Ligand SMILES: [Zn+2]
């Protein structure tokens, strides 16, 4: 009974016969919530779909003012038809541990992905793999309950898991200069599966070989725009391309399979902020020996904002396939703050100052044009399950967010941990070295291994 939860949420059809006036009025009042589309009254046709877009490192300090200024029209549309606000994260702000928390609803020491890398057998460091995740993620739970799920580039999805749907693992997009081209020259066969089902791999590769222009934005890192002289333009230019590729693969996936649930992760804002955030900060924070010129500083700040606008345009492409009843959820895992790396003023996310990311959500039963209220990363997984008409679990860290208060909430289950997760063999994808190098170049690998314990944090 794959759709039983949806069917149980619909009301039996009523037959309206000729009734006295007062009864007509009573019936009309009884039907009013149905007419107004109140929660729990879904028509039996198509249950609403769910689109979750992760935008790594998007800061409320940039996103909300830009939205108010009209520069993020698609996020503004979600905010106008739904809720938006800060999304409180959990320290330390290492992206994989937070994105896995978002996907599982449990603390990092419970889900088992506390950091970027772990000690490798035989010395050195290795990336955490999906096989290190100790609890089911949203895609496992939803797929187990009969929903078709697409996952594109979410953190720690290699080796891919055999979900009901398609999983394009994060190792399919190596995010390094020339890496995509190298990949095509290499023999994939020895690298293990990067996508489940493997039969969808040629279709995904086709997207990378035939890039469409998804937005009106030119790749401004390739242009003549003034940027601080130390900025690695080719790396940021590649990031611009990678985010478009991820979006294009997600669009192809939805066109092919019209999935019940889609989870897409765009890393670009984080990567660009690590290079350009310093341009938003006060001038006296720059080391006196290395200051950008006023033109470089203005150009750097504008390029960072332009990257937010570009990401908004990609979001617009993804959202275009979804109706007003469908859930659209856009979230980030943390914000940004000033940080000095290699004697440069850059961007960092180390302290409680960078604790808040952003949240935008709309869909059937979600209030329109309201503040989301305080929402934290633990509430995302239970919220998605609630919107899907499924119970949350008592062993998750929190329940659904308050903005879903109008939706009916099935009694929570004790746990989803018994769900069996099947994965491809964790053979090397061939990209680990490049990904680790890339993380090192961004200053991620200085001392960012597993913390002994999860830290609880106070608001900044
Ligand atoms: Zn992040």
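FYI, it's all coordinate maths here, none of it is from the lab. Just so it is clear, the model here is predicted, and its values are computed rather than measured. Positions of Cβ are generated from backbone atoms using ideal geometry, with glycine treated the same way; all protein chains shown enter the neighbour counts.
For region 210-294, a/c is not less than 1.5, where a ≥ b ≥ c are the root eigenvalues of the C-alpha gyration tensor, and a/b tops b/c. That puts it in the prolate class. Here the simple spin-label model places points 7 Å from the Cα toward Cβ, and for residue 237 and residue 222 these points are separated by 0.7 nm. Under the criterion of Cα pairs below 8 Å and six or more residues apart, the relative contact order for region 48-441 equals 31 percent. Listed peptides 357-367, 296-306 appear in the order 357-367, 296-306 once ranked by packing, highest mean of other Cβ atoms within 10 Å at the front.
Using only the Cα atoms of region 255-389, build the gyration tensor, take square roots of its eigenvalues as a ≥ b ≥ c, and label the shape rounded, prolate or oblate: rounded if a/c is under 1.5, else prolate if a/b is larger than b/c, else oblate.
Here region 255-389 falls in the prolate category.
Modelled label positions at residue 414 and residue 210, each set 7 Å beyond Cα in the direction of Cβ, lie 5.2 nm from each other. Hull volume per residue, based on the alpha-carbon atoms of region 48-441 and their convex hull, is 133 Å³. Decide, for region 257-321, between rounded, prolate and oblate: order the square roots of the alpha carbon gyration tensor eigenvalues as a ≥ b ≥ c, take rounded if a/c falls under 1.5, and otherwise choose prolate if a/b is larger than b/c, else oblate. Prolate, since a/c reaches 1.5 and a/b exceeds b/c. Taking label points 7 Å from Cα along the Cα-to-Cβ direction, residue 302 and residue 353 give a separation of 2.6 nm.
Counting 0.36 nm for each residue step from residue 370 to residue 68 and taking away their Cα separation leaves a gain of 107.3 nm. Computed extension gain for residue 425 through residue 121, at 0.36 nm per residue and net of the alpha carbon distance, reaches 107.7 nm.
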